[in-house]
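Working notes, structure below.
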Amino acid sequence: MNLAHLIGRNLLRRKARTLFTLLSVLVAFVLFAYLAAIRLAFTLGIDVAGKDRLIVIHKTSLIMPLPISHLTRIAQTEGVTAVTHATWFGGKYQDYPEGRFGIFPVDPAGWLAMYPEFVLPPEQMQAWLADRTGAVVGRKTAEDMGWKVGQRVPIQATIFHKADGSGTWEFTIDGIYSGRERGVDETQFLVHYDYFNEARSELARDLVGWFVLRIGDPEHAADVARRIDQTFANSFYETETTTEKAFVQGFANQIGNIGKILRAVMTAVFFTILLVAGNTMAQSVRERTSELAVMKTLGFTDGKILVVILAESLLLSGLGGGLGLLTGWLAVSTGDPTGGFLPVFFVPSRDWVIGAGFVVVLGLASGLLPALQAMRLRIVDGLRRV
């Protein structure tokens, strides 16, 4: 009888116990895949944030606007190579809830130059530049809403009304952009700032939400940020400048530290599964005490006994974890379970690697103590139970 056959027979000794342990491990890794996709959705942009981009907001709060005249002075700051701006528009489409997708009045050329990860066909780019009431929308939002290039889209204002009191803004979809890489936000709705600024109430004109700038050397980000903030210190519009990554992280943290919450959930889940799998292996070893003693009598070394028990544990974890990750991949591949609320929904490659690592760690951790007990078993003690 070879070791592989022996390991398989041992796991099938108690079929029901093995099956329920496998299912427990499977569910844990399905949950791991789902939570990894959810974490990515809520932290979208953090991992792909540009190291050479800084964000300038009002020192008091993000909701406080800044005068567009700041742009010239920011551009003149040492270390700054490019600068653009954006504003949160608010608004909603038909009966969809506000915030389903972000609407941002921007400078078209400057924004796309600042974010080369937004890929827009050249002919659509030219059409957008020539159309003051035009808009460019992300691929995911276009698919969710069923929008096509050339379609006229009415947006109902929730913050900014037109100067004539109207709350309806109409935009023509001139282009649909896609992300250069997976994880890029494909939900934005971008419109011309110039048109927006001229059409809105006069009291709100010439104000923007925040500035985005590119610096020549990311190593000097702190110095550039300090210079900008010093430029506007003690003014009515004082600024706070941070890296784009810190800005996106802070924005995500407004709804809670999602990463920390999900890590806590997964820690609890895997600790429970470790106890379940460890208990299964411990019971299996206790039931075979006399058999292990006989195996040692027949010439099985302590090292080989250790390998057999660990191999059983790794096989149990590998089958359950592997099937769990596969099931998780199939479940995540069906798409966003919220019907479009999440901007992205997939498991990053690194999380699949982490999941595979957890499978191995679970197998080793749950089988180590039972394997050591079996290895240290004295033949005479084991045979007394025959």
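The values are calculated or read from the model by the stated rules, or taken from the named source; none is laboratory data. Predicted model, so just to flag it, every value in this text is computed and none were measured. Glycine also receives a Cβ, built like all others from the backbone with ideal geometry; neighbour counts cover every protein chain displayed. When the accessible area is computed, the model is the full protein with side chains, heavy atoms only, and any ligands, DNA or RNA have been set aside. Shrake-Rupley method; radii C 1.70, N 1.55, O 1.52, S 1.80 Å.
When residues of region 264-298 are filtered for being crowded, with 17+ Cβ neighbours inside 10 Å and among the aromatic types (Phe, Trp, Tyr), how many remain? Within region 264-298, residues that are crowded, with 17+ Cβ neighbours inside 10 Å and among the aromatic types (Phe, Trp, Tyr) number 1. Scan region 120-179 for residues that are without any contact (Cβ under 8 Å) to a residue 40 or more places away in the chain and hydrophobic (A, V, I, L, M, F, W, C) and report the count. Qualifying residue count for the region: 8.
Using the structure shown, decide if residue 130 is open to solvent by less than 40 Å² (accessible area, probe 1.4 Å), aliphatic (A, V, I, L, M) and at pLDDT below 95. No, not satisfied.
Right, residue 214: more than 17 Å from residue 66 (Cα to Cα), under 30 Å from the mean Cα position of the chain (by Cα) and surrounded by fewer than 17 Cβ atoms within 10 Å (Cβ to Cβ) or not? No; evaluated as a whole, the condition is false for this residue. On the stretch given as region 347-386, residues that are outside any helix (DSSP H, G or I) and at pLDDT 80 or above total 2. The residue of region 160-178 that is surrounded by the most Cβ atoms within 10 Å (Cβ to Cβ), among those that are among the hydroxyl-bearing types (Ser, Thr, Tyr) and more than 28 Å from the chain's Cα centre (by Cα), is 172.
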